[in-house]
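K.L.:
Please find one structure pasted underneath; my questions will follow.
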Amino acid sequence: MTIQHMVDLHTHSTFSDGTLTPTELVTLAKAQNLSAIALTDHDTIDGIKEALLAGKEINDMLVIPGIELAALYEPYENKEIHIIGLFIDHTSSALLNQLKQIQHSRYERNLKMIDKLTSLGISISLEELEAVAGGEIITRTHYANLMKQKGYISTINEAFLRYLSPGLPGYAEREFLTPKLCIEAITQAGGIAILAHPTLYDISFKQMELLCLNLMEYGLTGLETMYSSYNNTQEKRMKEIAARLGLLSSGGSDFHGANKPHVSLGIGKGNLRVPYDYVEAMMDKKGKC
Ligand code: AMP
Ligand code: MN
Ligand code: MN
Ligand code: MN
C-alpha cells in the first residue's frame with residue numbers, strides 16, 4: 001500500500017493573525033504527518049525566513065513560501081476577494097515594496113477604525129492593538145481579541161456581528177490593490193497566483209467561473225479547490241471549474257491557531273485531505289516557465 005502524502009497550502013502565523021509562530025506551525029505540520037506546508041500570512045512575508053529555517057531542521061518537510069493578498073473586485077459590487085501566492089521569492093524587492101504600500105493602507109485604516117470604535121464607546125488604542133498583534137499586520141481579528149479582552153464583547157463572533165464587518169459602524173475600509181496588481185505582484189516574485197475560497201464571496205458557481213476567467217487574463221494560474229469550509233458539492237464544483245479552465249488545484253485549511261479554533265492544521269474541520277500531487281503539479285508548472 002502506498003502512503004498518501006498530505007499537505008496544507010493555506011496557513012497563518014503570528015506574523016499576521018495566526019497564534020502559532022512559523023516554527024511552531026512547521027513543527028505541528030510534522031506532528032500531523034504533513035509532507036508540505038505553505039505559510040500564507042496576510043500581507044507580509046516576514047515570517048517566511050523562520051518557516052524555511054524550521055523546515056530545514058525537519059526531514060521530509062517542504063516549506064513553501066506564500067502570501068495571501070486581498071483585492072476588491074469591481075464587477076461584483078466591489079466584493080473583497082483573496083489571492084494566494086505560492087512559491088514566491090520572499091526576498092523580491094518589488095513584492096516587498098508593494099507590501100509596504102499595503103501595510104501603510106492598514107495603518108491608515110487603523111486610525112479610522114480606532115476613531116469609529118471610540119465614538120461608539122469602545123476605547124482601544126493603536127499601542128494596545130500593536131501589543132495584541134505582536135507583529136506588523138493588524139487585522140480585524142486583533143480588534144476582536146482586544147475588544148473581548150477589555151470586556152466590550154463576550155465572543156469574537158459578536159465583535160464581527162456588531163461592529164467589525166462591512167456596513168457596520170466600527171468598520172472602515174482600507175485601500176486595496178486591484179486584483180490585477182495582486183496577481184502581478186505574486187507573478188513578478190516568481191509565484192503561482194491562486195484564487196482563494198471563492199465560496200466565501202456570496203456569488204454563484206457561474207460567477208466564480210467568470211471571476212476565474214477574468215483573473216486568468218492577469219496571470220491567475222490556480223484555484224483553491226479544497227478548503228476547510230467547502231461541502232462536497234462545493235469541492236466538486238471547484239474541481240470542475242479548475243479542470244474546465246486548466247487551472248492548477250490548491251488546497252488548505254486556512255489555519256489560524258486559537259484565532260479559528262474550529263479549524264485544524266492539515267485536516268480543517270476534520271475531513272480535509274489535500275494531496276501532495278497538488279504541489280508536484282505546481283512544481284512541474286513552475287519548471288516549465
Ligand atoms: P482584515 O484583513 O483586517 O480585514 O481582517 C480579516 C480577518 O478577520 C480575516 O483574515 C479573518 O481571519 C478574520 N475574520 C473575518 N471575518 C470574521 C468573522 N466573521 N469571524 C471571525 N473572524 C473573522
Ligand atoms: Mn485571517
Ligand atoms: Mn482569505
Ligand atoms: Mn487565509
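The values are calculated or read from the model by the stated rules, or taken from the named source; none is laboratory data. From a predicted model like this one, the values you see are computed outputs, not experimental measurements. Glycine also receives a Cβ, built like all others from the backbone with ideal geometry; neighbour counts cover every protein chain displayed.
K.L.:
State all residues of region 179-219 that are within 16 Å of ligand 4 (Cβ to nearest atom), farther than 13 Å from ILE84 by Cα and aliphatic (A, V, I, L, M); if no residue qualifies, say none.
P.N.:
LEU200
K.L.:
Counting only residues that are surrounded by 15 or more Cβ atoms within 10 Å (Cβ to Cβ) and among the charged types (D, E, K, R), which one in region 199-231 is farthest from GLN98 (Cα to Cα)?
P.N.:
The residue in question is GLU209.
K.L.:
Mind counting the residues in region 2-47 that are touching a strand residue (DSSP E or B) at 6+ places or on another chain (Cβ under 8 Å) and among the charged types (D, E, K, R)?
P.N.:
4
K.L.:
Still on this model: Go through (1) near ligand 1 (Cβ under 10 Å from one of its atoms); (2) of a type in the set (Ser, Thr, Tyr); (3) without any contact (Cβ under 8 Å) to a residue 24 or more places away in the chain one by one and return the number of the condition SER204 breaks.
P.N.:
Here SER204 meets the rest and fails (1).
K.L.:
Right, next: Kindly provide the set of residues from region 20-46 that are within 16 Å of ligand 2 (Cβ to nearest atom) and in contact (Cβ under 8 Å) with a residue 60 or more places away in the chain, ordered by number.
P.N.:
LEU20, LEU25, ALA38, THR40, ASP41, HIS42, ASP43, THR44, ASP46
K.L.:
Tell me yes or no: at least one residue of region 56-65 is more than 19 Å from ALA185 (Cα to Cα), touching a Phe, Trp or Tyr at 6+ places or on another chain (Cβ under 9 Å) and not β-branched (Val, Ile, Thr).
P.N.:
Yes, region 56-65 has at least one match.
K.L.:
A further question follows. Sort out which residues of region 154-198 are among the hydrophobic types (A, V, I, L, M, F, W, C), surrounded by fewer than 18 Cβ atoms within 10 Å (Cβ to Cβ) and under 20 Å from LEU96 (Cβ atoms), and write them in order of number.
P.N.:
Matches in region 154-198: LEU181 only.
K.L.:
I need every pair where a residue in region 159-174 that is over 16 Å from SER105 (Cβ atoms) and free of Cβ contacts under 8 Å to residues at least 24 places away in the same chain has its Cβ under 9 Å from the Cβ of a residue that is within 16 Å of ligand 4 (Cβ to nearest atom) and of a type in the set (Gly, Ala, Ser), sequence separation at least 6 or different chains.
P.N.:
The qualifying pairs are ALA159/ALA144; PHE160/ALA144.
K.L.:
Restricted to region 146-172, and to residues that are in a helix (DSSP H, G or I) and more than 10 Å from ligand 1 (Cβ to nearest atom), which residue is nearest to THR14 (Cα to Cα)?
P.N.:
We begin by selecting, within region 146-172, every residue in a helix (DSSP H, G or I); these are 146-149, 156-164.
Those left that are additionally more than 10 Å from ligand 1 (Cβ to nearest atom): 146-149, 162-163.
Numbers: LEU146: 15, MET147: 19, LYS148: 19, GLN149: 18, ARG162: 25, TYR163: 24 Å.
Across region 146-172, the extreme among qualifying residues is LEU146.
K.L.:
I'd like the full set of residues that are part of a helix (DSSP H, G or I) and buried (at least 16 other Cβ atoms within 10 Å of the Cβ), limited to region 264-280. Break it down stepwise before answering.
P.N.:
Filtering region 264-280 for residues part of a helix (DSSP H, G or I) gives 277-280.
Across region 264-280, the qualifying residues are TYR278, VAL279.
K.L.:
Among the listed residues GLU240, GLU280, identify the single one that is more than 16 Å from ligand 2 (Cβ to nearest atom), at pLDDT 95 or above and farther than 21 Å from GLU217 by Cβ.
P.N.:
Values: GLU240 fails: farther than 21 Å from GLU217 by Cβ.
Going through GLU240, GLU280 in turn, the sole match is GLU280.
K.L.:
Residues in region 101-120: is at least one within 16 Å of ligand 4 (Cβ to nearest atom), among the hydrophobic types (A, V, I, L, M, F, W, C) and farther than 20 Å from PHE255 by Cβ?
P.N.:
Looking for residues that are within 16 Å of ligand 4 (Cβ to nearest atom), among the hydrophobic types (A, V, I, L, M, F, W, C) and farther than 20 Å from PHE255 by Cβ, one finds at least one in region 101-120, hence yes.
K.L.:
With the structure loaded, tell me whether GLY135 is at pLDDT 95 or above and either surrounded by fewer than 13 Cβ atoms within 10 Å (Cβ to Cβ) or assigned to a loop (DSSP other than H, G, I, E, B) (or both) or whether it fails that test. Don't jump to the end; show me each part of the working.
P.N.:
Details: at pLDDT 95 or above: no; either surrounded by fewer than 13 Cβ atoms within 10 Å (Cβ to Cβ) or assigned to a loop (DSSP other than H, G, I, E, B) (or both): yes.
Here the answer is no, as GLY135 does not meet what is asked.
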